[in-house]
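These notes concern the structure reproduced below.
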Amino acid sequence: MKKAVVTGIGGYVPKGILTNKDLETIVDTSDEWITTRTGIKERRIAAKNQVTTDLALEASKIAIKKAGIRPRQIDYIIFATATPDMLFPSAGCLLQHKLGAKNAAAFDIAAGCSGFIYALSIAEKYIECGSAEHILVVGAEILSRIVDWSDRTTCVLFGDGAGAVLLSAKNGDRGIISTVIRSDGSYGDLLKLPGGGSLFPPSYESIDNKLHYIKMSGNEVFKKAVKSMEDIAVELLETNGYEGKDVDLLVPHQANMRIIQAVQKRTNIPENRTYVNIHKYGNTSAASIPIALFEAEERGFLKERDLVLCIAFGAGFTWGGSLIRW
Ligand code: ACO
């Protein structure tokens, strides 16, 4: 059986920077509160004329170039996002056109911050069952457009960006070892964007009630995120016969530094083997893991054959992890 090997990876963040100091002038918050509670110092904000697939396009071009293939060779584009350009056509189809990936089937995955892991899980199965040679998996978001800039409990947390990996079918022992995804819809109310769907279609009322923005019960999400990410990390390691000491790089979803530290402690993976960039980008949801993987590789923290553990948690609730022989 061929394995899904990462042959190219790309990332892109918009140029605009919004610092914690800038936020002090927008809502009643402080650099000190945001830094100590989350680890975030600044985040990127897309320009007015940029849409999510523009960010994805930049990241994808890098990934495809590194993989050394042509866009026409891509069989599937799986696009994880909570902030597509529009409800339909899917961001995947819009990106397919921008890339000229004429032979790719394209679709979106809605799994909040776990979207990239969900997309990876699907791509892994397509490759392992022999129905794809090359799959582009994208995580891209412009969360700044769905954040309520008067709500200090959420607006300080999120940022914009995109990451993409090109997975190719290869023989050998490199590639995705295992991906596990989970969900529990009974927690759906704790993290949601209620407006714009069939429940609350756009109306003057939905706008007045701010239903088109992220609503989150941060503290309750936090507790469940810590437990779920810890458990999935341990499960992935144990079921595949590894321990924390075997992991070369932990690449967790970058939502809160305290969640990342809890996972490090439970898995015995030290700080110097954990990739963290939350201070620069905040929570970029589905984009956070591929951006971190891209940066880690660019900066020499990630080398061929390294054992990489990625874990995520997000709206749904959804959570999951992937163990990869890089
Ligand atoms: N500045 C100053 N004070 C603030 C701010 C702020 N930006 N935000 C909240 N506070 C206040 C609160 O009002 C509260 O004040 P009170 O005690 O007087 O009521 C106090 O700070 C503590 O608030 P908590 O919500 O209890 O703070 P907590 O330590 O839980 O941190 C945070 C909040 C950062 C949101 C944390 O709960 C968190 O990271 N949650 C998880 C987020 C996450 O993982 N999301 C999943 C992915 S997102 C996705 O899928 C789209």
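The values are calculated or read from the model by the stated rules, or taken from the named source; none is laboratory data. Only a predicted model underlies this, so the values are computations on that prediction, with no experimental measurement involved. Every residue, glycine as well, gets a Cβ built from its backbone with ideal geometry; the counts of neighbours run over all protein chains shown. Surface accessibility is based on the protein's heavy atoms, side chains included, excluding ligands, DNA and RNA. Shrake-Rupley method; radii C 1.70, N 1.55, O 1.52, S 1.80 Å.
The set of residues in region 91-127 being touching a Pro at 6+ places or on another chain (Cβ under 7 Å), open to solvent by 20 Å² or more (accessible area, probe 1.4 Å) and within 13 Å of Glu141 (Cβ to Cβ) consists of Asp108 alone. When you check Thr29 against the structure, is it free of Cβ contacts under 8 Å to residues at least 40 places away in the same chain, outside the structural domain of Ile291 (by TED's automatic domain parsing) and within 16 Å of the ligand (Cβ to nearest atom), yes or no? No; evaluated as a whole, the condition is false for this residue. May I ask you to list the residues in region 243-263 that are in a helix (DSSP H, G or I) and within 16 Å of the ligand (Cβ to nearest atom)? The answer is Met257, Arg258, Ile259, Ile260, Gln261, Ala262, Val263.
Inspection of region 182-205 finds a residue satisfying the criterion of being of a type in the set (A, V, I, L, M) and surrounded by fewer than 16 Cβ atoms within 10 Å (Cβ to Cβ). Screening Lys61 with (1) open to solvent by 40 Å² or more (accessible area, probe 1.4 Å); (2) of a type outside the set (Ser, Thr, Tyr); (3) touching a helix residue (DSSP H, G or I) at 6+ places or on another chain (Cβ under 7 Å) gives one miss only, at (3). Is it fair to say Asn103 is without any contact (Cβ under 8 Å) to a residue 40 or more places away in the chain and more than 27 Å from Ser178 (Cα to Cα)? Here the answer is yes, as Asn103 does meet what is asked.
Among the residues of region 19-29, the one identified as open to solvent by 30 Å² or more (accessible area, probe 1.4 Å), of a type in the set (S, T, N, Q) and either part of a helix (DSSP H, G or I) or in contact with an Asp or Glu (Cβ under 6 Å, 6 or more places away or on another chain) (or both) is Thr19. Looking only at region 158-168, decide whether some residue is within 26 Å of Gly11 (Cα to Cα) and open to solvent by 50 Å² or more (accessible area, probe 1.4 Å). Within region 158-168, none of the residues are within 26 Å of Gly11 (Cα to Cα) and open to solvent by 50 Å² or more (accessible area, probe 1.4 Å).
Per this entry, Ser228 is not counted among residues that are surrounded by fewer than 17 Cβ atoms within 10 Å (Cβ to Cβ), among the small types (Gly, Ala, Ser) and either without any contact (Cβ under 8 Å) to a residue 40 or more places away in the chain or within 19 Å of Phe116 (Cα to Cα) (or both).
On the given criteria, is Ser228 within 25 Å of Val6 (Cα to Cα), within 16 Å of the ligand (Cβ to nearest atom), in a helix (DSSP H, G or I) and among the polar types (S, T, N, Q)? Taking the combined requirement at face value, the residue does not satisfy it. Scanning region 102-125 for residues that are in contact with a strand residue (DSSP E or B) (Cβ under 6 Å, 6 or more places away or on another chain) and away from the ligand (no atom under 16 Å from the Cβ) yields Ala104, Ala105, Ala106, Leu120, Ser121, Ile122, Ala123, Glu124.
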